[in-house]
Structures are given as structure tokens and as C-alpha cells.
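A short worksheet on the structure shown next.
Read-outs throughout are calculated quantities, based only on the coordinates presented, and are distinct from any laboratory measurement. Predicted, not measured: the structure shown is a model, and the values here were computed from it. Using ideal geometry, Cβ is built from the backbone for each residue, glycine included, and neighbour counts are taken over all protein chains shown.
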Amino acid sequence: MRLLKLCVPVFLSIILIVLDTRFSYLDSFKKLTLTLLSPIYVVVDLPSQVIDWVNEKGAVNEVLISENDYLNGQLIELKVRLQTYNNLALENQKISGLLNSSYEIPNHDVLLASVKSISQSRLSKIIVIDKGSNDKVTLSQLIIGSDGAVGQVMQVTPMFSTVRLLTDPTQFMPVKNSRNGIRGITKGLASNETGMIVEYVPLDSDIKVGDLFLTSGIGNSYPSGYLVGRVTSIDDSLDASFLSITLQPSQNMNKLEMVLIIKGKND
């Protein structure tokens, strides 16, 4: 009985194999069986596909994060470089403004200097520049900005110089009217204001509000022809011996960053 149970399946298997090989009777049955089993294959294979997808997405995200970090670093570097470029462009613009100022300086040697500090009080108005005796800066040299005269060197060290501004109450400068050549001497005001007065101009002089005063060169203390200021008011009181003329400096002292030192005439 046991032998029969073993032989019957084997015999049936052999018959099915022969029929399938010779006559293809079982093709339709096999297709139907595969079709019915396909969902099972999908379900069985799904976990491995999910794992592969997660691993792939994880690798892609890691790459994207790494690339994002790199690009952020590049962006920061470019912003820093842009700041440097903008600063250089601004410095170049300032230098060009000095060299292409409204007055001409072709007959004098000049030296570019940066302003290191500005100190303006009621009784003392000075700046410190980064050029000194090592750069052949000497006392009394004229300092100019892009819009006009700034002041005069009053103290020199090897690496720095102190400049007394035109608006300092102890600073005097011989000037002349650019319209008619009338001469006078400027003096800073002992106040927190930035103006100057022009002294020793006769009462009958032709001075008008808006007139420009330039350095006159009298006394050889300063080269002539550099813009000093514009007339803002005139007091011609009869009880005074001279006109009282107020000037607004052409150069804004509070915005000074770079200046030129007038060293002397070219040979």
C-alpha cells in the first residue's frame, strides 16, 4: 500500500511532464497559475523594494545635503568677496574724486593719506593722518580733500601727522575772492559749528553771498588756488572797521576719509 502511494504521484508526474513536453497541454494552466500567483510575488518582493527605495532616497538626500552645505559655503565666500570688491570700488571712487576734484593740482607733488581719527570740539578741531616724516611730510604743508582745503600739518611723527582744520579757532589762512581777487584771512569759529569768518576785508569791498574764496598763496604758507569756502552771510555794520564775512567750508570735515598732502611744486 505504501509503495502504491509513492508510485502513483511519481507516475502522474511523469505523465504530466511527457504531455507538457510533447503536446503543450498545460501551457494555459501554467499561465493561469502564474497570473494568480503574481500578486503573491509582488507582496513577497515588496519589503526588499521598499528597503532599496529608502536606501536610494537616503543616499540622494545625503548628497543633496552635502551639495547644499557646499553651495552655502560658496555663497558666503562670494558675499565676502563682493564686500571686498565693493570696498575696493568705493576706495577707488574716493581716490578718483580726489584726483579729479574741481580745482587743479598739476603743478604740485601730492601724497595720498588716510584719515585715522577726527577730533572736533569747541576749541580744537584736528585730524590724524597715516603719513609722517618717513613719507617726507613736513610742518605747515597744506591738506586738501575732494571738495576743497582741509587744513595744515601742525605736528609730525615718523608714521603719523596731526592736521589742524580750517575751522579750528587758532587756524588762519590767507584767502582771496575768486570773482574779484579781494583778499582776507580766514579764522575758525570757537564753537561747535563748522564755519569760518573772513577778517580784514574793507567795508566797501564787493562781496556777495555765494562768492567763493580760494587760498591766495600770500606769505608762501599755502599754494594758491585751492577752494576754501562759500560766503553764507555778510555783516557790514558801520561801527566796524571791516566786513564780517561768514564762510561755509567747501569740504565737509565730518566725512573725511582720504586726503591729499600738497608737498610742493614739481620741478
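Could you tell me the relative contact order of region 164-205? Use alpha-carbon pairs under 8 Å, at least six residues apart, and round to a whole percent.
Rounded, it is 34 percent for region 164-205.
Greater than 22 Å separation of Cα atoms is the criterion. Which listed pairs, Lys125/Lys187; Lys131/Lys255; Lys187/Lys208; Lys116/Lys176; Lys125/Lys255; Lys208/Lys263, meet it?
In this structure, Lys116/Lys176; Lys208/Lys263 lie more than 22 Å apart at Cα.
Between Ser237 and Gln120, how many nm apart are label points set 7 Å from Cα along the C-beta direction?
It is 2.7 nm.
Using 0.36 nm per residue of separation minus the Cα-Cα distance, give me the extension gain between Asp204 and Asn61 in nm, one decimal.
Extending this stretch completely gives an extra 42.8 nm.
What's the ranking of 194-201, 208-215 by average number of surrounding C-beta atoms within 10 Å, highest first?
Result, highest mean first: 194-201, 208-215.
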